[in-house]
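What follows is calculated from the coordinates using simple rules that are stated; it is not laboratory data. This structure is a prediction, so every number in the text was calculated from the model and none was measured. Note that each Cβ is placed from the backbone with ideal geometry, even for glycine, and that neighbours are counted across all protein chains shown.
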Protein chains: 2
Amino acid sequence: METEQGHPLDAAIALEPAEAHQYRGQTSVDYANMVGPFGGVIAATLLNGAMQHPERLGDPLSLTVHYAAPIADGGFDVRARPMRTNRSTQHWLIELTQAGAVAAFATAVFATRRDTWTSTELRFPAPPAAETVPVAPAHPRAAWTRRYEMRFVTGALGETEANREPDSLTQVWMRDQPARALDYPALASLCDAFFPRIFVRRPAWVPVGTVALTTLFHADAAQLAAQGTQPVLGVARAGHFGNGFFDQSAEIWSGDGKLLAVSQQVVYFKE
Amino acid sequence: METEQGHPLDAAIALEPAEAHQYRGQTSVDYANMVGPFGGVIAATLLNGAMQHPERLGDPLSLTVHYAAPIADGGFDVRARPMRTNRSTQHWLIELTQAGAVAAFATAVFATRRDTWTSTELRFPAPPAAETVPVAPAHPRAAWTRRYEMRFVTGALGETEANREPDSLTQVWMRDQPARALDYPALASLCDAFFPRIFVRRPAWVPVGTVALTTLFHADAAQLAAQGTQPVLGVARAGHFGNGFFDQSAEIWSGDGKLLAVSQQVVYFKE
């Protein structure tokens, strides 16, 4: 999958500058989902609109993505603009449009980080080493799953009554396939690479879709550089299912127990 | 505090319609914080811009607020517009400006809910009944704390070395003061009514400020109506502190153990 443009993730999130604040991009068959593109790559693409903007200050601190409508295969426009720039933080609005209609949009905070007191309260689950856990096969209905190496420690898809789980907790070693050094867009995408929690709880397939997703980036640039191409541990669980929606919260950890990001999303499901 | 306009929260979040998508509001001394207004009331005010918009579809499902700059005491403009309206979901952008500059903005999803399979995975902590827990005094430096009745089950402010906590977990019974029937704006505000987690961990006062906050509303309109003026149980904890920022995650429960909302915020701190 190494192409002349480099890694398929870089090709998928590439944006070509047009006029001020405007870019052109296009969907990638490598990251296709059942309908339209994989949401993680949409998140990474929107983040990329701010990442490569000439007025960018610092690195990503938070990203909220709204999946407002289906995205058709093909080209799209991205408009990224700073809403407010302060001394050490910058707030962004980034919109993805097709044929003039908003299909997705994001808000983000970028910030300059500095050394301070540090403490992690969430607990690293200390799973078995990645190389001791077998790689799961890609999902036949979702092309994007071929672009991630996934090794499930616990909470794989509950595809039959026999392996139906009592809760939706998943712990999974993950990395880009082929391996790629971790950066903020790749981390943003990984935060959406968990299967919908309802499929861990219930074997039946039903239509689902992420409505909105927020990721908080704890890793600074040095931590991402130290991570390189090593697998990260993803942890995901649901809080509540009801009224046609559920929430999923996720954590992404380095192999040595550093919390790289936390993420929360609300997902539509049809019963 | 009952005024001719009714409850002080209603007065604080009131918006007067101006031209299409535009409203005028003003800050309230009742909900003043150390600098500018209490962030919970800003969240509720922005949500209110969509709540009372003639094109609104359904009820709030998620709300992300960016606290982009200090808000000065006095008047402000709010612009609320639907970015995309689907059959059962609607995505919003709501901006608060002063003197033409964006000081805060929010995105939101509104949705029509319907009965489906339901399951709660988060655990209700089964605290002692609210009436058995003493009411904490308001904080002398933050006027808004007089507008909430707070009864700390665990994790009050760690104001001295002696009561410094080993982690930042707080469980607190909360309600509007004076009592007020719960609705979506009041619930949005409650999600920001936890003291910054760093003050639970460390007795030293340092400058702090919420940068961005996302709330997912699990309660439907019937659950909110059933809640009435009863206290809710708030649970808050931090995931990680470092590089000048920390995250806080929160849950709001009804007294009988129904999960009404979950929320996540990223907070700046100066060491």
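General observations
- Selection over the stretch B:1-51 of residues that are outside any strand (DSSP E or B), surrounded by 14 or more Cβ atoms within 10 Å (Cβ to Cβ) and of a type in the set (S, T, N, Q) gives a count of 5.
- Cross-chain or 6+ apart pairs with Cβ under 9 Å, the stretch A:185-203 first and without any contact (Cβ under 8 Å) to a residue 60 or more places away in the chain, then in a helix (DSSP H, G or I) and among the acidic types (D, E): A:P203/A:E161
- Selection of the stretch A:123-154 for residues being part of a strand (DSSP E or B) and more than 16 Å from the chain's Cα centre (by Cα) yields A:R151, A:F152, A:V153, A:T154.
- Set side by side, the residues B:A219, B:A225, B:A238 differ, and just one is under 16 Å from B:G257 (Cα atoms), buried (at least 20 other Cβ atoms within 10 Å of the Cβ), out of contact with any Gly (no Cβ under 7 Å at 6 or more places or on another chain) and aliphatic (A, V, I, L, M), which is B:A219.
- Within the stretch B:131-145, the set of residues being surrounded by 17 or more Cβ atoms within 10 Å (Cβ to Cβ) and in contact with an Asp or Glu (Cβ under 9 Å, 6 or more places away or on another chain) comprises B:A143, B:W144.
- Residues in the stretch B:81-96 that are over 19 Å from the mean Cα position of the chain (by Cα) and either buried (at least 17 other Cβ atoms within 10 Å of the Cβ) or within 7 Å of another protein chain (Cβ to nearest Cβ) (or both): B:P82, B:M83, B:R84, B:N86, B:T89, B:Q90, B:H91.
- The set of residues in the stretch A:164-200 that are hydrophobic (A, V, I, L, M, F, W, C), touching a Leu at 6+ places or on another chain (Cβ under 7 Å) and more than 14 Å from every other protein chain (Cβ to nearest Cβ) comprises A:W173, A:M174, A:L182, A:A186, A:L187, A:A188, A:F195.
- Yes/no for A:A32 being touching a residue at least 60 places away in the same chain (Cβ under 8 Å), out of contact with any Lys or Arg (no Cβ under 6 Å at 6 or more places or on another chain), under 23 Å from A:Y148 (Cα atoms) and among the small types (G, A, S): yes
- Residue in the stretch A:54-66 that is out of contact with any Cys (no Cβ under 6 Å at 6 or more places or on another chain), within 14 Å of chain B (Cβ to nearest Cβ), surrounded by fewer than 24 Cβ atoms within 10 Å (Cβ to Cβ) and more than 25 Å from A:M174 (Cβ to Cβ) present: yes
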